[in-house]
Amino acid sequence: MATGTRRAAFEGVADVVVSERLFATADGLGLSLTRFHRADCDDVVLLVHGLAGSREMFTRPGHTNLVSHLLDSGFTDVWTLDHRMSSRLPYNTEGHRFTLDDVAAYDHPAALDCLREAVGDRRVHVIAHCLGSVTFLTSLFAGLVDQVATVVSNSVSLNPRLSRRALARLRFSPGLAPQIMGMAGSSPNPARAGGTGGSGYGRHIRRMASAERVVKWDEEDPRLPDGLTGLTAVRTPILFLAGSENRVFTDSNIVTYRELEQAVPGRHGLRILPGYGHADPFIGRNAHAEVFPHIVDFLNEKAV
């Protein structure tokens, strides 16, 4: 592991020291965490992007982005993860056999281990989008990550339900998964985001969408249990965000919330966001006023 160059400024984020920590996964990939540090605090926040996204979706200039909002709201130690689906890394430009199970089994556990080396036993809150949310909650419910104070999940998690149009397009063109999921226009490198690497994830999410639940790509894969940990066993509170105009994963997070609410009433939360779609709860022009306060309120409520 190594720490990159420290900078006192970062595009889209002001008054912060930025550093990068590099780490390797158990299957030998090099990934990175970026730290936006204004001051030490008891509650550390880790942001996780979706397919063909990157840390840039949380630091976009021109408006109040999520990193800036968290820093200004008292969460003064914010981290972003670039996992193997990141458009900043070379893996999506290459032909590979990666599936969502690889992200769940390798990337998230290694990232949290790396983060813990820096922050110790402070509370860690995770905010995840799209397939980053699917894979992180897979890790959590499979028992591969623990000691997570809260999770905020946007758009989709344990019950992927694609719209008919998105499912049809994914069936015939799995390599177009980044575009189908709305990331082509928000990636800092659209050419890379549209690379062939998205096909493996596209096929896996199509299989999950057909089952309307998280399933392993290979049923014999020993890295993940045959069934996720019982819904009552994970005590981490989760806030599910669901845009009312989500044309990609429709009501996926609403379905998951209802299942968990039936199993453990009152543990988790749901915010339906009027007028919001799949990605704009994080990158929308008014997200800082209409969405981010829900996230901060949830973190403050559970940061005890």
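Looking for whichever is modelled with pLDDT of 90 or more and either surrounded by fewer than 20 Cβ atoms within 10 Å (Cβ to Cβ) or under 30 Å from Arg88 (Cα atoms) (or both) here; the options are Thr196, Thr236. Which one fits?
Working: Thr196 fails: modelled with pLDDT of 90 or more.
Matching residue, one of Thr196, Thr236: Thr236.
Go through (1) hydroxyl-bearing (Ser, Thr, Tyr); (2) surrounded by 19 or more Cβ atoms within 10 Å (Cβ to Cβ); (3) at pLDDT below 95 and name the single condition Ser68 misses.
(3) is the only condition that Ser68 fails.
Need pairs with beta-carbon distance below 6 Å; first residue farther than 15 Å from Met57 by Cβ and within region 259-288, second part of a loop (DSSP other than H, G, I, E, B) and modelled with pLDDT under 95; sequence gap 6+ or separate chains.
Between residues of region 259-288 that are farther than 15 Å from Met57 by Cβ and residues that are part of a loop (DSSP other than H, G, I, E, B) and modelled with pLDDT under 95, the close pairs are Leu260/Leu231; Ala263/Leu231; Ala263/Thr232; Val264/Thr232.
Counting only residues that are polar (S, T, N, Q), give me the helices (runs of 4 or more DSSP H) lying completely in region 201-304 with at least 3 of them.
Per the criteria, 252-263.
Exactly one of these conditions fails for Phe75: (1) in a loop (DSSP other than H, G, I, E, B); (2) within 20 Å of Val134 (Cα to Cα). Give me its number.
(2)
For Asn246, state whether it is on the phi < 0 side of the Ramachandran plot and buried (at least 22 other Cβ atoms within 10 Å of the Cβ). Spell out how you get there, then give the answer.
Numbers: on the phi < 0 side of the Ramachandran plot: yes; buried (at least 22 other Cβ atoms within 10 Å of the Cβ): yes.
Spelling it out, Asn246 is indeed on the phi < 0 side of the Ramachandran plot and buried (at least 22 other Cβ atoms within 10 Å of the Cβ).
Scanning region 118-167 for residues that are free of Cβ contacts under 8 Å to residues at least 40 places away in the same chain and either surrounded by fewer than 22 Cβ atoms within 10 Å (Cβ to Cβ) or of a type in the set (A, V, I, L, M, F, W, C) (or both), which turns out nearest to Tyr106 (Cα to Cα)?
Only one residue tops the list, namely Val145.
If I ask for residues that are small (Gly, Ala, Ser), surrounded by fewer than 19 Cβ atoms within 10 Å (Cβ to Cβ) and more than 14 Å from Leu162 (Cα to Cα), which ones from region 249-278 would you list? First the steps, then the outcome.
Restricting attention to region 249-278, the residues satisfying the condition of being small (Gly, Ala, Ser) are 252, 263, 266, 269, 275, 277.
Checking which are surrounded by fewer than 19 Cβ atoms within 10 Å (Cβ to Cβ) leaves us with 263, 266, 275, 277.
Listed by number, the residues that qualify are Ala263, Gly266, Gly275.
The values are calculated or read from the model by the stated rules, or taken from the named source; none is laboratory data. The shown structure was predicted, so the numbers you read here are calculated from the model rather than taken from an experiment. Positions of Cβ are backbone-derived with ideal geometry, glycine not excepted, and every protein chain shown enters the neighbour counts.
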